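Trainee: Questions regarding the structure given below will be posed in turn.
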Amino acid sequence: MLMKIGKALTVVLVLLVLIQLIPGNDHQNPPVTGTPQWDSPRTAELFKRSCNDCHSNETVWPWYSNVAPISWLINYDVKEGRSKFNVSEWGRTGKNEGDEAAAEVRNGKMPPWFYLPPHPEAKLTPAEKDELVKGLVATFGDEDAEKEKKEESR
Ligand code: HEC
């Protein structure tokens with residue numbers, strides 16, 4: 001019995017070492033090509049605390065972002081996050097969904113829950129959340145509110 005557990009653990013360990021050799025952990029922070037005109041430094045500050053790692057090119061890569069398989073998840077999140085909304089490429093052609101940002105914070109979808117335990121500084125108090133939502137609306141507009149207005153005027 002113990003022998004079997006020992007063997008299984010060895011296999012797991014060997015696999016964990018081997019997957020480190022798979023390429024794809026190159027953490028890139030491409031150049032900043034454009035920045036939004038934040039309505040206030042406070043909005044920029046809250047955004048930096050809570051959103052920057054996945055929605056800018058100024059990602060702070062923690063040590064464990066070099067360790068597979070966590071690194072794969074982190075890479076995926078940053079790639080997806082940047083592709084939808086990236087404040088370091090403001091003004092780029094193509095998708096940049098700033099006008100959805102307020103709604104994502106309002107309904108608690110962003111920042112993602114799994115980001116918070118390793119990033120306690122990203123957790124916003126209800127008052128800070130409120131501040132950020134207002135700041136995002138002022139900076140990027142608010143797609144949700146626009147839709148509601150249209151519905152009402154129908
Ligand atoms: C851990 C990485 C991470 C953090 C931190 C994060 N996001 Fe995201 N965000 C994502 C990913 C991945 C997606 C794309 C997939 C999805 O929509 O869930 C996304 C999508 C979005 C979108 C596009 C909406 C959509 O679903 O198409 C907006 C807007 C957004 N995030 C805003 C924010 C704001 C504002 C914050 C900070 C309060 C934030 N995010 C923090 C990873 C992150």
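Trainee: Just name the residue that is surrounded by the most Cβ atoms within 10 Å (Cβ to Cβ) out of those in the stretch 75-94 that are more than 8 Å from the ligand (Cβ to nearest atom) and in a loop (DSSP other than H, G, I, E, B).
Mentor: Only one residue fits best here, namely V87.
Trainee: What about A68, is it closer than 22 Å to Q20 by Cβ and either touching a Pro at 6+ places or on another chain (Cβ under 9 Å) or more than 10 Å from the ligand (Cβ to nearest atom) (or both)?
Mentor: yes
Trainee: Among the residues of the stretch 23-34, are any more than 10 Å from the ligand (Cβ to nearest atom), in a helix (DSSP H, G or I) and out of contact with any Phe, Trp or Tyr (no Cβ under 8 Å at 6 or more places or on another chain)?
Mentor: no
Trainee: Also, I was wondering about something else. Quick one: which residue in L132, L124, L136, L116 is of a type in the set (A, V, I, L, M, F, W, C) and in contact with a Leu (Cβ under 6 Å, 6 or more places away or on another chain)?
Mentor: L132
Trainee: Is it the case that some residue within the stretch 129-140 is in a loop (DSSP other than H, G, I, E, B) and near the ligand (Cβ under 10 Å from one of its atoms)?
Mentor: no
Trainee: State all residues of the stretch 95-116 that are among the small types (G, A, S) and either more than 10 Å from the ligand (Cβ to nearest atom) or outside any helix (DSSP H, G or I) (or both); if no residue qualifies, say none.
Mentor: Residue satisfying the conditions is G108 alone.
Trainee: Exactly one condition in (1) out of contact with any Lys or Arg (no Cβ under 8 Å at 6 or more places or on another chain); (2) without any contact (Cβ under 8 Å) to a residue 60 or more places away in the chain is not met by R49; state its number.
Mentor: R49 satisfies all of (1) out of contact with any Lys or Arg (no Cβ under 8 Å at 6 or more places or on another chain); (2) without any contact (Cβ under 8 Å) to a residue 60 or more places away in the chain except (2).
Trainee: Condition first: modelled with pLDDT under 90 and more than 30 Å from the chain's Cα centre (by Cα). Now tell me which residues in the stretch 1-39 satisfy that.
Mentor: M1, L2, M3, listed by residue number.
Trainee: Given the conditions (1) in contact with a helix residue (DSSP H, G or I) (Cβ under 9 Å, 6 or more places away or on another chain); (2) modelled with pLDDT of 95 or more, which single one is not true for A145?
Mentor: Condition (2) is where A145 drops out.
The values are calculated or read from the model by the stated rules, or taken from the named source; none is laboratory data. From a predicted model like this one, the values you see are computed outputs, not experimental measurements. In this analysis, Cβ positions are derived from the backbone assuming ideal geometry, glycine residues included, and neighbour counts consider all displayed protein chains.
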